[in-house]
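Colleague: Take this structure, written in structure tokens, and hold onto it; I'll ask about it next.
The values are calculated or read from the model by the stated rules, or taken from the named source; none is laboratory data. Note that the structure is predicted; figures quoted are calculated from it, not measured. Methodologically, a virtual Cβ is constructed for each residue, glycine included, from the backbone with ideal geometry; neighbour enumeration extends over all protein chains shown. Just the protein is used for accessible areas: all its heavy atoms, side chains included, with ligands, DNA and RNA removed. Shrake-Rupley method; radii C 1.70, N 1.55, O 1.52, S 1.80 Å.
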Amino acid sequence: QAEDGIRARSPSRGLGDVYKRQIEAIAAALKANQKLVEDELVVFLEGNEIFSSWINNVSISMSFDGVKVLGVQVTFLTSSEPDQGLSVCHAVSLWMYALKEAEGEILVFDDSREIVRRNASDTKCVEV
């Protein structure tokens, strides 16, 4: 309470608290943006009959710098059929190149075993 015209000081927050809140807000925004991009990929794949046969059988995650897709990892939730790994890689590659203008790495796994890869510097999906 103020006495004799002197105001009580409220404790100020240090710059560390301000920076911490800014970093947390930026991280949350980047995570939300990544989720939007991941959802965009799923919608692209679901909307194409060629890819829809395996879309419900995969888990998709991506490396993202907040602006650009750096890479995508696709993991089959159950055993994949022959050539499905290549089909997945080609589909993701098409989305990355045509819609995102990105040349990131693509990894396709069947359980924990890598079955197809496309390096960031190459445009070929190859079985591993």
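Colleague: Provide the per-residue ³J(HN,Hα) series for segment 88-98, in order, calculated from phi with Karplus coefficients 6.51, -1.76, 1.60 and θ = phi - 60°, each as a whole number of Hz, with x at glycine and proline positions.
Modeller: Couplings: 4, 4, 5, 5, 5, 4, 4, 4, 5, 6, 6 Hz.
Colleague: Something else about it: So if we plug the beta-carbon distance of Asp111 and Asp17 into 1/(1 + (r/R0)^6) with R0 = 41 Å, what FRET efficiency do we get, rounded to 0.05? The partial results should precede the final answer.
Modeller: Details: r = 45 Å, r/R0 = 1.10.
Rounded to the nearest 0.05, the efficiency is 0.35.
Colleague: Between Val42 and Val126, 0.36 nm times their residue separation minus their Cα-Cα distance comes to what?
Modeller: On the way: separation 84, 0.36 × 84 = 30.24 nm, distance 2.21 nm.
Separation in residues times 0.36 nm, less the Cα-Cα distance, equals 28.0 nm.
Colleague: Could you size up the charge dipole of the chain around its Cα centre, putting +1 on the beta carbon of Lys and Arg and -1 on that of Asp and Glu, and report it in debye to the nearest 20? Don't skip to the end; give the middle numbers.
Modeller: Values: 13 positive and 20 negative charges, 142 e Å.
Using only the charged Cβ atoms, the result is roughly 680 debye.
Colleague: Run the simple label-point estimate for Ile60 and Ser79 please: 7 Å along Cα→C-beta, distance reported in nm.
Modeller: 2.6
Colleague: In terms of modelled amide H atoms, which long-range or inter-chain residues lie less than 5 Å from the amide H of Glu114?
Modeller: none
Colleague: Ok, one more. When only C-alpha pairs under 8 Å and at least 6 residues apart count, what is the relative contact order of segment 58-128, in percent?
Modeller: Details: 137 pairs, mean separation 20.9, N = 71.
29 percent.
Colleague: For the chain, with every protein chain kept in place, what is the accessible area per residue (1.4 Å probe, Å²)?
Modeller: 69
Colleague: For Glu101 paired with Asn119, estimate the spin-label separation in nm (one decimal), with each label point 7 Å from Cα along the Cα-to-Cβ line.
Modeller: In this crude spin-label approximation the distance works out to 2.5 nm.
Colleague: Run the accessible area of the chain with a 1.4 Å probe and give the carbon-and-sulfur part as a rounded percent. Write down the numbers at each step before the final one.
Modeller: Details: 4520 of 8830 Å².
Whole-percent figure for carbon plus sulfur exposure: 51.
Colleague: Right, another one. Could you work out the Rg to Rh ratio of the chain, with Rh taken as the Kirkwood radius (inverse of the mean 1/r over all Cα pairs)?
Modeller: Details: Rg = 22.6 Å, Rh = 17.0 Å.
Reported Rg/Rh (Cα atoms, Kirkwood Rh): 1.33.
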